[in-house]
Amino acid sequence: MRYLPHSDAERAEMLGVIGATSIEALFSAVPAKALKTFDLNLPKHSPEYLVEAHMKALAGKNRAGSDGPFFVGAGAYRHHVPATVDHLIQRSEWLTAYTPYQPEISQGTLQMLFEFQTQVAKITGMDVANASLYDGSTGTAEAVLMARRLTRRNKIVLSGGLHPHYRDVVRSYLKDDADLECLSASPEGQGDILDHIDETTAAIVIQTPDFYGHLRNLKTAADAAHAKGALLIVVVTEIVSLGLLESPGAYGADIVVAEGQSIGNALNFGGPYLGLMATRKEFIRQMPGRLCGETVDADGQRGFVLTLSTREQHIRREKATSNICTNSGLCALAFSIHMGLLGEAGFTKLARLNHARACALADALTGIPGVELLNKTFFNEMTIRVAVPAAPLVEALAARGILGGVPVSRLEPENPNVANLLVLAATELTTDEDIAALVAALTEELA
Amino acid sequence: MSMNTQGRPTGTGTSGFASTSGSSMLPNEPLLFEIGDTEHSGVDLPDAEISTSRLGGFERKSALDLAGLTEPEAMRHYVRLSRLNHSIDSGMYPLGSCTMKHNPRLNEKMARLPGFADIHPLQPVSTVQGALELMNELSHWLMTLTNTAAVALTPKAGAHGELLGMMTIKAAQDAAGQSHRTVVLVPESAHGTNPATAAFLGYTVKPIPARDDGTVDVQAVKDALSPDVAAIMLTNPNTCGLFEPQVIEIAQAVHDAGAFFYCDGANFNAIMGVVRPGDLGIDAMHINLHKTFSTPHGGGGPGAGPVVLSAALAPFAPVPFVRKSAGGLELVEHAEGDALGRITAFQGQMGMYVRALTYMLSHGGDGLAQAAQDAVLNANYIKARLAHAFSVPFGDYPTMHEALFDDTFLAGTGVTTLDFSKALIDEGFHPMTMYFPLVVHGAMLIEPTESESKQTLDRFCEVMEELAADAKAGNTERFTAAPMKAPRRRLDETRAARSPILRWERPKELPQAAE
C-alpha cells in the first residue's frame, strides 16, 4: 500500500525489538470477542488511477457552477478565486501544519492569523476579531451565547430577515428555550424587531444584507438595543458587501458574525467555510475561539502566539466559554491571501462590480411580465415574487441548463406566504449573456 | 537553515548560546500592512458603472484601510511566511492525540474537481446526485468500520461532533421521559472538550478517577452510576494510549443504569478495521476525518467530525441527511419525527468528505486495518526502544497507537517536560504532546502514526536517547535555552495575555523618511 512505509521484514524486525510474537499480541487488551471477529466487507486497496476514475464519475453526476448561467446565493456565493490563492494554500508548510501550539516553529501560521484578525476587524469596523470559527451559522449561535454571558440576560430576538438555516442552528444550540424569540419571515424587508426589545433582552440579531437581499438600518437597531441595555449582533452572509457598505461597527454593532466563504473559498457544496467573528475590545474575554496575539521572544524579537487561552476548553474544561477546539485555519489563510491581493482598491472595486451586476439583473427581471421585485435596496442579491410556486420553476430552469436561484420554500416549507418567492444572486461572474438567458427562460416559463 | 528539517543529526554543537534564530535564508518577514498599501492590488477588475445605486444610503463612509499587494509581492510574502512553519511534509510530528499522518495529494486533487468544489449547497437536488452518492458512500464506510446503525455527517469538527452526539443522547432521554438525568461521567484522563461539551449542554460533570494502571475501573463507573446519570464520555483507546480492557463491562453497566455510552473517537486510528466500536457497546462516537482519514490539519482546521450512532440514537440524527428514495437519493432538509434540527447551515464539510473517501478507497478495508496495525506497531517500537532511558508510567501493557512517558526520568536534572520538548525542536522534530493526559506527571505523549518509516523512528529514538542522556548528564542549558535554531526563541506568552495586542495598528507617527 503506497502510503505505508514498512516492509514485512521491517515489521518482523520491529516486533523482535518489542519482544512480541505477532501484531495480534499488541492488541491483547482488546476483549477477544471484539477483535477482528468480523469480515469487513469493504473493497480492497486500489491504485491511484482507479480511485481517481471513481471520484471523477461521482463528480460528473453533479452540475458545476461553471456549466451554465448561475444565480444561486442565499448564504454561499460563487466568486472568482485568484490562482495564486489555491497555489499558496497547497504549499506543504500551510496545508500540513498543525495548530500553532508550538509558536517557535509556527510563526508563519501565527503571523498570518494576526494579519487575518486585523483584516476582519477593519472590514467589520470592530476593535478585535478572532482567528475564525467553523462558519457563519455556528458563529451566530456562539455570538448569541456570548451575548448572554456578557449581559447576564437571556432573551434573544432573531430578526425575520435572518437566514433560516442560521435561525435553525441557533434554535438547536439553544434547544428552543423559552427566551428565544424568532420573528416570522420578512421577505418585504419589513422590520418590527425594535418593538421586541425590553429590559430582559440580551441581544437582537439582525442580518444585512438580509436573507431576502434588503439592507437593514443598523443605526436605529443599535440605538434601540443600547437604550435597553441589550446588545446588537449583526450577521453578514456576503462579506463582499462590506467593500461598499458602511461597516456594522460604524453603526454601533457589539458583535459581528460573518460567513467569509466569498473571499478565497469555493462553494464546496456547503463546507468547509469560514466563520468570522469580531467584537469590542472589552468583550474579548467572553469571545469564543482562538485568538492570536503579538509578543516578543527571548531575544526581544517580535513574534506571535495563541493567547487568552484561559477561555478555552483545554485549560478551563467544563468552565470554558465554548467547547470549540479548532478554527478554520486553511480557509482563513485563503481569505487572508485573497484579501491581501485585493487590498482596499480591489475589494472596493469587487464590491462595486457585484452591485453593478445585481443592478443589471434587477433591471432585467423587472421587465418580465409576472415578476415582481420585492427589493428597494440590495447589494448583490434580491427576491422576486412570481405567479407560480418557485420550487418547480427552479427545477424547470435547471432542466433548461440554468441554476436560477433558491426558492424560499426550500428553507421555509411551513410558510405558505413564501411559496412564490425566489432569491437570486449576481456576482462579478454573472455575464450579460447569463442574464439574457435567465430572462428568456423565465419569460417562457411564466407565459 | 535554522531549522533542521532534514532530520539530520546536529549533535550538541550548539555552543555559545547566543541567539541563532533567524538567518539569511529565513529573514524576518514584515506584516502585510507594513509591505502593502491601499493603492496596490493583485487583482485586475473592470471599473463598474452603477447608474442607480440601490444601497439606500448605507454606502461606506469610513475608510477600510486594507493593505493590498500585487501578485509577485503576495507570492513572496506568503511563501516566506510559510517557511517559518514546521509541517508533516518537512518533518515528523510525534503529537499524541493528534494523529499527524501523511496527507495524500490525490485527496486534494479530487476535492478540487469542479463537480465537488464548484457546486452550491442550495442548487436543485436533481443537479447534485453525485454529491449525495458520495455522502452515502462515505456513510457506508463509516458505519461498516464501526458497526453502527447511522451516521450524522454534518458536524464541522471533533468538538462539534461531541456536541451533536451528546445532543442526540439528551434528545433520546427527553423523548423517553428521562429529563431528570443531569449528570455526565467523564474520566480524569479525558480531552478537555468532553467536560466542556457536557457543561455546554447543561450537564453536571462527575469525574471518574483513573486506576493506577491508567485505565478506567468498571467498579468506579458502577459506583458513580445513578438514576441521574445521562451518559459516560469515554475515550477508547484512552488518552494514555491504552485500550480500556473493561470497556464491554463498562458499556453493559452504563446501559443497565439506563444511560448512554458516548465514545470520544479521537483515537480511532489505532483500531480502524481491527475493532468495531459498535461491538464494544458504544452509542455515539465522533470520528475526526482530519486525524483518522488524513484530511489536512491546515494549521488549525478545517476539521470534520461525523458522528456514528447506535440504533437507539439513530432516529435523533440531525437534518440534513441523505436518504434513498424511489427517484434516487434525496436530501432530507427538515426534521421529521424525532430528528434533531440543523447544527450548521448546509451539508457539512463536503470538501473533507471527498478527501476522506478518497483516502478510504485508496487503502481499502485491508489497507485501513494494516494502517492501524502499523500505527500500533510504531508506538510500541518507540516505547520498547526508549523504555530504558525514559520512565514509563504504565509499563505492563502493550500500548496502542501512542507511547506515554512521565517526567520521573528528569527528576533532579532541572529540566522540565517543556524544556525537553523544546530541545526536540532544535533536532528537527516537532515536540510531542506535553502535560496531557493530566493523570500523568509531566506527561510526554508520542503518537508516531503509521506514516513514519522505520528509519525515521530510529532517528527519532536516537535523538530522544541522546537528549535524555544529556539531561541526566547535567547539560541543562541545552534544554532551558531551547529552541536555539528555530525562527524564534521561546515567546513571552504571559506578556501576550496580560496586555493583548490582537491586531496591527498603524503607528501614530510613522516617520516617512525611515528605512
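The values are calculated or read from the model by the stated rules, or taken from the named source; none is laboratory data. Worth saying up front: this structure is predicted, and the values here are computed from it rather than measured. Neighbour counts are summed over all protein chains in view; Cβ atoms, including those assigned to glycine, are modelled from backbone coordinates with ideal geometry.
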How many of the residues making up segment B:378-394 are without any contact (Cβ under 8 Å) to a residue 60 or more places away in the chain and aliphatic (A, V, I, L, M)? 3
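Rundown of residues vs (1) more than 15 Å from A:P31 (Cα to Cα); (2) surrounded by fewer than 24 Cβ atoms within 10 Å (Cβ to Cβ), yes/no style:
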| site | (1), (2) |
| --- | --- |
| B:A253 | yes, yes |
| B:V275 | no, no |
| B:L280 | no, no |
| B:L289 | yes, no |
| B:V308 | yes, no |
| B:P315 | yes, yes |
Being assigned by TED's automatic domain parsing to the domain that holds B:H388, among the polar types (S, T, N, Q) and not in a loop (DSSP other than H, G, I, E, B), is that true of even one residue in segment B:470-478? no
Scope segment B:58-108; condition among the charged types (D, E, K, R) and closer than 19 Å to B:A372 by Cα; matching residues: B:K101
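One line per residue, one yes/no per condition, for (1) assigned to a helix (DSSP H, G or I); (2) in contact (Cβ under 8 Å) with a residue 40 or more places away in the chain; (3) more than 7 Å from every other protein chain (Cβ to nearest Cβ):
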residue	(1), (2), (3)
A:V72	no, yes, no
A:H80	no, yes, yes
A:L113	yes, yes, yes
A:T118	yes, no, no
A:K122	yes, no, no
A:M126	no, yes, yes
A:T140	yes, yes, yes
Take the conditions out of contact with any Gly (no Cβ under 8 Å at 6 or more places or on another chain), under 27 Å from B:P277 (Cβ atoms), surrounded by fewer than 19 Cβ atoms within 10 Å (Cβ to Cβ) and facing another protein chain (nearest Cβ under 7 Å) and apply them to A:K44. Does it pass? no
Quick one: in segment B:24-54, which of the residues that are modelled with pLDDT of 95 or more and in contact with a His (Cβ under 7 Å, 6 or more places away or on another chain) is farthest from A:G343 (Cα to Cα)? B:E29
Of residues in segment A:362-389 being in a strand (DSSP E or B) and of a type outside the set (A, V, I, L, M, F, W, C), the one nearest to the chain's Cα centre (by Cα): A:E381
Within segment B:359-398, residues more than 8 Å from chain A (Cβ to nearest Cβ) and outside any helix (DSSP H, G or I) come out as B:A387, B:H388, B:A389, B:F390, B:S391, B:V392, B:P393, B:F394, B:G395, B:D396
All conditions in (1) surrounded by fewer than 15 Cβ atoms within 10 Å (Cβ to Cβ); (2) at pLDDT 95 or above; (3) touching an Asp or Glu at 6+ places or on another chain (Cβ under 8 Å); (4) not basic (K, R) are true of A:Q90 except (1)
All but one of (1) touching a residue at least 40 places away in the same chain (Cβ under 8 Å); (2) not assigned by TED's automatic domain parsing to the domain that holds A:M382 hold for A:A32; state the number of the condition that does not hold. (1)
So, in segment A:239-289, how many residues would count as being in contact with a Ser or Thr (Cβ under 8 Å, 6 or more places away or on another chain) and aromatic (F, W, Y)? 1
Of all residues in segment B:114-146, count the ones that are facing chain A (nearest Cβ under 7 Å) and either in contact with a strand residue (DSSP E or B) (Cβ under 6 Å, 6 or more places away or on another chain) or under 30 Å from A:S409 (Cα atoms) (or both). 19
Any residue that is outside any loop (DSSP other than H, G, I, E, B) and hydroxyl-bearing (S, T, Y) - is there at least one of those in segment A:328-342? yes
Of everything in segment B:206-238, what is within 15 Å of B:A259 (Cβ to Cβ) and under 27 Å from the mean Cα position of the chain (by Cα)? Give them in sequence order. B:K206, B:I208, B:V216, B:A230, B:A231, B:I232, B:M233, B:L234
Among (1) crowded, with 24+ Cβ neighbours inside 10 Å; (2) farther than 16 Å from A:V120 by Cα, which single condition is A:S336 missing? (2)
Would you tally the residues in segment B:45-78 being among the acidic types (D, E) and in contact (Cβ under 8 Å) with a residue 40 or more places away in the chain? 1
Filtering segment A:149-180 down to residues that are surrounded by fewer than 19 Cβ atoms within 10 Å (Cβ to Cβ) and under 23 Å from the mean Cα position of the chain (by Cα) yields A:R171, A:L174, A:K175, A:D176, A:L180
Per the filter on segment B:287-324, residues farther than 30 Å from A:E93 by Cα and β-branched (V, I, T) are B:V308, B:V319, B:V322
How do the strands (runs of 3 or more DSSP E) wholly within segment A:228-313 filter down when requiring 3 or more residues that are at the interface with chain B (Cβ under 9 Å from one of its Cβ atoms): which remain? A:292-296, A:302-306
In segment A:60-87, residue surrounded by the fewest Cβ atoms within 10 Å (Cβ to Cβ) [restricted to those that are aliphatic (A, V, I, L, M) and under 22 Å from A:D135 (Cβ atoms)]: A:V81
Search result, residues across segment B:219-251 that are farther than 30 Å from B:M432 by Cα and assigned to a helix (DSSP H, G or I): B:Q219, B:A220, B:V221, B:K222, B:D223, B:A224, B:I248, B:E249, B:I250, B:A251
For segment B:158-193, what are the residues that are of a type in the set (G, A, S), in a loop (DSSP other than H, G, I, E, B) and on the phi < 0 side of the Ramachandran plot? B:A176, B:S179, B:S189, B:A190, B:G192
Determine which single condition A:Y101 fails, assuming it passes every other condition in (1) touching a Cys at 6+ places or on another chain (Cβ under 8 Å); (2) outside any helix (DSSP H, G or I); (3) more than 8 Å from chain B (Cβ to nearest Cβ). (1)
Take the residues in segment B:216-244 that are within 14 Å of chain A (Cβ to nearest Cβ) and without any contact (Cβ under 8 Å) to a residue 40 or more places away in the chain, then tell me which one is nearest to A:E312 (Cα to Cα). B:V216
Suppose we filter B:P306, B:P302, B:P320 for residues that are under 25 Å from B:P114 (Cα atoms), touching a residue at least 12 places away in the same chain (Cβ under 8 Å) and touching a Cys at 6+ places or on another chain (Cβ under 7 Å); which single one remains? B:P302
Taking segment B:112-127 and keeping only residues that are aliphatic (A, V, I, L, M) and crowded, with 23+ Cβ neighbours inside 10 Å, one is left with B:I119, B:L122
Does segment A:196-239 hold any residues that are over 21 Å from A:M277 (Cα atoms), crowded, with 17+ Cβ neighbours inside 10 Å and either of a type in the set (A, V, I, L, M) or not assigned by TED's automatic domain parsing to the domain that holds A:A278 (or both), and which are they? A:I197, A:A224
